[in-house]
1. Given charges of +1 on the Cβ of Lys and Arg and -1 on the Cβ of Asp and Glu, with all other atoms neutral, how large is the dipole of the chain about its Cα centre, in debye to the nearest 20?
2. Near the amide H of E464, under 5 Å away, which other amide H atoms are found, from residues 5 or more places off or on another chain, if H is placed in the peptide plane?
3. Please name which of M32, S220, V521 has its Cα lying farthest along the dipole of the chain towards the positive end, using unit charges on Cβ (Lys, Arg +1; Asp, Glu -1) and the Cα centre as origin.
4. Let's see if you can work this out: charge +1 on each Lys and Arg Cβ, -1 on each Asp and Glu Cβ, no other charges. What is the dipole magnitude of region 369-451 about its Cα centre, in debye to the nearest 20?
5. So for the pair Q236, R380, with labels modelled 7 Å out along Cα→Cβ, what separation do we get in nm?
6. When the dipole is taken about the Cα centre of region 137-253, and only Lys, Arg (+1) and Asp, Glu (-1) are charged at their Cβ, what size is it in debye, to the nearest 20?
7. Using alpha carbon coordinates only, what is the Rg to Rh ratio of region 176-292, with Rh defined as the Kirkwood radius?
8. Taking 25 Å as R0, compute the FRET efficiency from the Cβ-Cβ separation of Y580 and R261 and round it to 0.05.
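Computed from the coordinates by the stated procedures, all read-outs in this text should not be read as laboratory data. For clarity, every value in this text was computed on a predicted model and none was experimentally measured. Neighbour counts are summed over all protein chains in view; Cβ atoms, including those assigned to glycine, are modelled from backbone coordinates with ideal geometry.
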Amino acid sequence: MDRVPVKPFRSRDWFADPARSDMTALYLERFMNYGLTPAELRSGRPIIGIAQSGSDLSPCNRIHLELAKRTRDGIRDAGGIAMEFPVHPIFENCRRPTAALDRNLAYLGLVETLYGYPIDAVVLTTGCDKTTPSGIMAASTVDIPAIVLSGGPMLDGWHDGELVGSGTVIWRSRRKLAAGEIDEEEFLNRATDSAPSAGHCNTMGTASTMNAVAEVLGLSLTGCAAIPAPYRERGQMAYETGRRIVDMAYEDLRPSKILTRDSFLNAIRVVSAIGGSSNAQPHIMAMAQHAGVTLYPEDWSDHGYDLPLLVNMQPAGKYLGERFHRAGGVPAVLHELIAGGKLDTSCLTVTGRSIGENIAGRETRDREMIKPFDAPMMERAGFLVLKGNLFDFGIMKTSVISPAFRERYLSTPGAEDRFEARAIVFEGSDDYHHRINDPALDIDEGCILVIRGAGPIGWPGSAEVVNMQPPDALIQRGVLALPTLGDGRQSGTSDSPSILNVSPESAVGGGLSWIRTGDVVRIDLVAGTCDALVEPDEIARRKGEGLPPVPESNTPWEELYREKTGQLAEGGVLDFAVKYRGISAKTPRHNH
């Protein structure tokens, strides 16, 4: 018996419109030139798009060029017709001036593809950091059935018998280089050994974090996020994902039925529990905006701070992605959060069942990797939201506060979790690298490194540059970290407890525009404040001097991005785009 969809597939408006046989012929004919038949496209079976994010320019996602074959098999076996198409490449490590420019650009391109072509449902292939939010943002805007397939992390990296995690080893090795412990050749060897196979970062960086978020939001099949790219289970997951998206097309199970405030709050909690990336904050805010879900910047403290760190994975812990997968991955973490009463189990997922139903019985057997809720690696290890006269919003990832950093800055008797520091201000990363070792700055343990001009408008795009390391002289004395503050971002693989994503940024008149080297900054993690101890009259005088200069736009997209993009506190989205939701409800006009 033929299956009947909950509502007619939108592709019928292209391939089976009796009122416009001329247009049906036009739409059909060129698909024939690679072997499709009119009977297939007019059969009433759903057309399933595979949004291909893998390419030679996107090595973290390149595995999808192979996985797509299994996804196609699943689609065909379930009764769908697969159509694979490319999306804008995103590669965090190599894109200059920053891959943050690409998230919103990829979003725009994918919206146009999903809306303007005969696609009934879509598989979003993800991996590297921004491929996940850009795809989910677009799927929410168009609102057709969508499922996320992660490409998975690389195998664990090893160097001289030591686990070396991608990204994290870069930041740790540059300190060793500054200390004179390794040379440049050893630095390169450590970095390359951390990336031993296909896949995205094997640490709990932004890639692993955002694919975990997709699973928690209910947009991936259970267990999808953590399977390493080369494992057999990854190909099997690709096949099952292909099968399931066909069912979703028939069921009309769209993002608008899955994405709710409760599901996003679940995601915030999980990011804290896994020691996830601070980049999750703007990405989750952006996805919520495009889904029409109200989130507040304060939700990151209200729902994402008083949570334990459960996952022992770099940069906040010891291990890497293979062990996390074998320990049970995201479902095992969710199991612990349910035990602690910290997860809404009623949220719907792409399986058609609730998240609570999906993870029943998924408790870990590896307590070295995934800790019990009541015996975690760290208590209160989530994200703190700060504000003050320097900014209205900044966020701090507390799970990477090292014992040495806590002892030096956060353990003064009677003033725990409070400190003051002398600001050293840099005009972007070039200035930082040029001057960090300048003896005239007199940088010591009592300083806070401040970087401005790194936000969405100033950079443009918001750069991962806030995790500044101390001068070489301090590192050689054993001071491996200073407090850092900036209006940009940092790599999710970094172990720096920076105050970052500061909004409003200096380029639009935020407080970092008037701070000066030598100002004293008071940080109070108890009260959630960060203030420069500068008199109001002096602040007003400095504001009258104007804003720090920003580099000119070098491409048309950079100029448009600067004109239309908001601040990181709200997700850095294109301000005009969030009003477009559920656009697939309206069929595009004919093209001839």
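1. So the dipole magnitude of the chain works out to roughly 1780 debye.
2. When sequence neighbours closer than 5 places are left aside, the close amide H contacts are R489.
3. Checked the options; the winner is M32.
4. Using only the charged Cβ atoms, the result is roughly 360 debye.
5. 4.3 nm
6. That gives region 137-253 a dipole magnitude of about 80 debye.
7. 1.09
8. Calculated value: 0.80.
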